[in-house]
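The values are calculated or read from the model by the stated rules, or taken from the named source; none is laboratory data. Only a predicted model underlies this, so the values are computations on that prediction, with no experimental measurement involved. No Cβ is skipped: glycine too gets one built from the backbone with ideal geometry, and neighbour counts run over all protein chains shown. Heavy atoms of the whole protein, side chains included, go into the accessibility calculation; ligands, DNA and RNA do not. Shrake-Rupley method; radii C 1.70, N 1.55, O 1.52, S 1.80 Å.
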Amino acid sequence: PENLMGMQAAIEQAMKSHEILSITDPETLAHVLTTGVQSSLNDPRLIISYEPSTLEAPRKAPALTNLTQEELLTQVQKNIYHEVLESNVGYLRVDDLPGQEVLSKMGGFLVAHVWMQLMGTSALVLDLRYCTRGHVSGIPYVISYLSPGNTVLHVDTIYDRPSNTTTEIWTLPKVPGQRYSADKDVVVLTSSRTGGVAEDITYILKQMRRAIVVGERTEGGALDLQKLRIGQSNFFLTVPVSRSLGPLGGGSQTWEGSGVLPCVGTPAEQALEKALAILTLRRALPGVVHRLQDALQDYYTLVERVPALLHHLANMDYSTVVSEEDLVTKLNAGLQTVSEDPRLLVRAVGPRETSSGPEVEADDPPVVDPEVPKDETARQALVDSVFQVSVLPGNVGYLRFDRFADASVLEDLGPYVLRQVWEP
């Protein structure tokens, strides 16, 4: 309602506009009015449409609660799909989120036939790319199954304009079945069509740092859109009638109008493939950290700093790591800060074709000394290739070598080094 300041004047101006009054085509008029309202209120969700075939204001689909158990089951199965993918990754696709009444009625079936199949997986992909609608009362169920059970959390407050009331949304103290372990990764897939309730769920899980969001920026829609007839005409106004007041106490920060920005942006059709690659990396993280700890314990010369480094590695927050570059940056920043040693460096060694994840390797392979040739000319050439010798103006000797050979090699080449390097 705070956006309506000045709208009365804008409406009166439009009513006096000869340009608008002269439009004879109703669909063109609807388009012009839509553009005017959207720009005046800076809200792309407001739409004025011309629908001459609609005798009554569009009715909502019959409530799912009026359906029989069998009809409900068919409806739920049509909108919720699950499977276990390769590497024991759970996949749950939700296209329309049922409300509290339906979930209460169908809870036992969903737990037994969907949720329990996913409980044993090592990570979960929640696919909301095709979820364009849903019921606000279903939000606590999704969030609760993915949040720890030791606390009840206030996740959002919804404002309803027609009743001028606010409703707080809290996670459930108890859920049918089990919650998904907080130690397991969750990835939410989004597209530009992901709207309304699905956006709220995505935003809450992202703010809780419970999920990595992969895909496209979401629609920036509304929790509840209604289509209202304008007077007795065939024109209708689509208007958001409820809104999130800021998930997790975010104040004015909300996803409405702007959408939810993914943690990892990628075209929607490639989002699942990208999510699985991220999960492969994250599955390898404990092994990478363990090998780093072993390497520091076995090789790092500043022994007194090793305990602090091991403690740092064990307690780092890896929740935002979604690529090898992220991991390398995070490790280097942390290890160098704790050790106060800029020489301590982790680097990626190039793309891996295997699914085992990144490896920890020594920074450079050891340099192998060349085999000393038997031929005298070849020995002279080898010394010339290793040592650069010249006498500069002012009778200044210049000697350059880029690596130092082992004593045994220098012994064999001693006479040549003496003659070609040291004597000049």
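Quick notes on this one:
- Checked against the criteria, G6 does not count as within 44 Å of the chain's Cα centre (by Cα), open to solvent by less than 50 Å² (accessible area, probe 1.4 Å) and not hydrophobic (A, V, I, L, M, F, W, C).
- The residues of the stretch 280-311 that are closer than 14 Å to E340 by Cβ and under 31 Å from the mean Cα position of the chain (by Cα), listed by number, are A308, L309.
- Restricting the search to strands (runs of 3 or more DSSP E) fully inside the stretch 127-230 and requiring at least 2 residues that are not aliphatic (A, V, I, L, M) gives 154-160, 165-170, 185-190, 224-229.
- When the residues of the stretch 38-49 are filtered to those that are in contact (Cβ under 8 Å) with a residue 40 or more places away in the chain and surrounded by 15 or more Cβ atoms within 10 Å (Cβ to Cβ), the one that is farthest from L228 (Cα to Cα) is D43.
- Residues of the stretch 306-323 that turn out to be open to solvent by less than 70 Å² (accessible area, probe 1.4 Å) and over 27 Å from V89 (Cβ atoms), as a count: 5
- Residue that is farthest from the chain's Cα centre (by Cα), among those in the stretch 74-125 that are hydroxyl-bearing (S, T, Y) and open to solvent by 20 Å² or more (accessible area, probe 1.4 Å): T74
- Unmet requirement for E219, which otherwise passes all of (1) at pLDDT 95 or above; (2) buried (at least 19 other Cβ atoms within 10 Å of the Cβ): (1)
- Set R243, R291: member being assigned by the TED database to the domain that holds T167 and of a type in the set (K, R): R243
- The condition of being exposed (fewer than 13 other Cβ atoms within 10 Å of the Cβ), β-branched (V, I, T) and either over 30 Å from T165 (Cβ atoms) or not assigned by the TED database to the domain that holds L29 (or both) holds for only one of T254, T301, T266, that being T301.
- Residue within the stretch 64-83 that is at pLDDT 95 or above and not in a strand (DSSP E or B) present: no
- Filtered residue count, the stretch 9-24, keeping only those that are surrounded by fewer than 10 Cβ atoms within 10 Å (Cβ to Cβ) and among the charged types (D, E, K, R): 2
- Scanning the stretch 327-354 for residues that are surrounded by 11 or more Cβ atoms within 10 Å (Cβ to Cβ) and modelled with pLDDT under 90 yields a total of 4.
- Residues in the stretch 1-41 that are on the phi > 0 side of the Ramachandran plot and of a type in the set (V, I, T): 0 in all.
- Looking across the stretch 170-216, just one residue is over 19 Å from the mean Cα position of the chain (by Cα) and open to solvent by less than 10 Å² (accessible area, probe 1.4 Å), and that is T171.
- Among the residues of the stretch 295-322, those that are outside any loop (DSSP other than H, G, I, E, B), closer than 30 Å to A211 by Cα and not small (G, A, S) comprise L309, L310, H311, H312, L313, N315.
- Of all the listed residues (L128, L124, L205, L189), the sole one being over 16 Å from L272 (Cα atoms) and assigned by the TED database to the domain that holds V84 is L205.
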